[in-house]
1. Mind checking A:176-188 for the average number of partner chain beta-carbons within 10 Å of each residue's beta-carbon?
2. Return one quarter of the surface area of the convex hull spanned by the alpha-carbon atoms of segment B:4-88, equal to its mean projected area, in nm².
3. Could you give the length gained by full extension between A:R147 and A:L190, i.e. 0.36 nm per residue of separation minus their alpha carbon distance, to one decimal place?
4. Excluding A:V43 itself, calculate the net charge of residues whose Cβ lies under 12 Å from the Cβ of A:V43, where each Lys or Arg counts +1 and each Asp or Glu counts -1.
5. Taking amide H atoms as placed 1.01 Å from N in the peptide plane, list the residues 5 or more away in sequence, or in a different chain, whose amide H sits under 5 Å from that of A:W150.
6. Quick check on the exposure proxy: order A:F172, A:F179, B:F65 from fewest to most C-beta atoms within 10 angstrom.
7. Considering every residue in B:30-36, what mean count of other chain Cβ atoms within 10 Å of its Cβ is obtained?
8. So what's the net charge close to A:A119: Lys and Arg +1, Asp and Glu -1, counting the other residues with Cβ under 15 Å from its Cβ?
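Just so it is clear, none of the values below were taken in a lab; they were calculated from the coordinates. Small disclaimer: the values here were computed from a predicted structure and weren't measured. Cβ sites come from the backbone with ideal geometry, for glycine too, and all protein chains shown count toward neighbours.
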Amino acid sequence: MSALLVQPLVGGHTGAAPAHTGLAAGHPGFLSPSGVEIVFVLVGLVTLGAALVTVTTRQLVHAALWLVVALGGIAVEYLLLTAEFIAWVQVLIYVGSVVVLILFGLMLTRAPIGRSPDADSGNRWIALVVSLAAAATLVTVVVDAFRATWIDLEERTGPGQGSSEVTGTALFRHWVLPFEALSVLLLAALVGAIVLSKRNSDAGSGSGSRPGSTDSVPARRNKAGES
Amino acid sequence: MHLAYPAVLAVLLFCVGLYGVLARRNAILVLMAVELMLNAVNLNLVAFDVWLRDTLHAGQALTLFTIAIAAAEIGIGLAIVLLVYRNRGSSDIDRLRDLRESDGPPGGDSSGGSRDEKSVAPATDNDAGSGSDQRVQGPAAGRRHA
């Protein structure tokens, strides 16, 4: 149904301005971008640069901190796309918890603080070629497909499209069953993470009764500390 | 706003994440790159939801679901990485090759007393096999004893 609603809208756009001119009558083209587009492109460049530094830097903690910049930039992009609730969820969950989890993981695996020369594996040139080929193909396809498509960001009367009221209504009216299934999945992930992390401490506490394995666990820890 | 801007940004972020997944060696850096790829998908979902003005808000609801699944994934993934690090003393993903298919001696780099009983049997295989397997196995065994 939404496609039916959108189709005359898009047809109206392309009908009002032919696609090959670029400068539409009702919509500014590439040559006269609006303020939202300029801000979007600038924040997008910052996000992309932070993502590039994240995957190329040799300092592991710096990679996690640049990931904060990239994820925060994506949150700003959500705000520019009028998806306010998603933006704050992004800030809360990604920047607030996922990056903290990653930093804890780096700390617990004793990541080197300085530059680690072996952060990249040997197939980085193959990876570069593959990612550049994928980027070229996808950018070509996407630009060719959505050359004459505009997002209408104008606010109608009432709450915005991405506000928490609209999102909550859609989530708890149409998406209740996936939401509950997702809560069960989160519970399973929580229990699984606890089980995975706790098994070693059980072995460590249980090894106190058995003298044979008492040597093995600290030896393993010491070996982990060396390398 | 032109739809090509968020779409191209999502594509480029996805490819940056793809490079990170393929090129990184540390498992936690690979997880960071996976997060970048998931965020690119989220950006696409939000942009197309705003474009289509879906009455069900499928894009934003699926974005929320993806964020929750990514949180679960990073929790489980980091727990597995920590467990691997405790067992192996290293979280480099290109050294975790116990399950590889090789023509060399099977299970030659398992730890404990099983190494001694296996070191007798693959001796003939090592002679028959290529010398590179021995060179690969040598530093691994030395690192495990150190």
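1. Per residue, the number of nearby Cβ atoms from other chains is 2 on average.
2. With the hull built on Cα positions only, its mean projection is 5.7 nm².
3. Here the answer is 11.1 nm.
4. Here the count lands on -2.
5. Distant-sequence amide H within range of A:W150: B:L3.
6. The most exposed by this proxy come first: A:F172, A:F179, B:F65.
7. Other-chain Cβ atoms within 10 Å of each residue's Cβ, averaged: 6.
8. Surrounding charge for A:A119 is +3.
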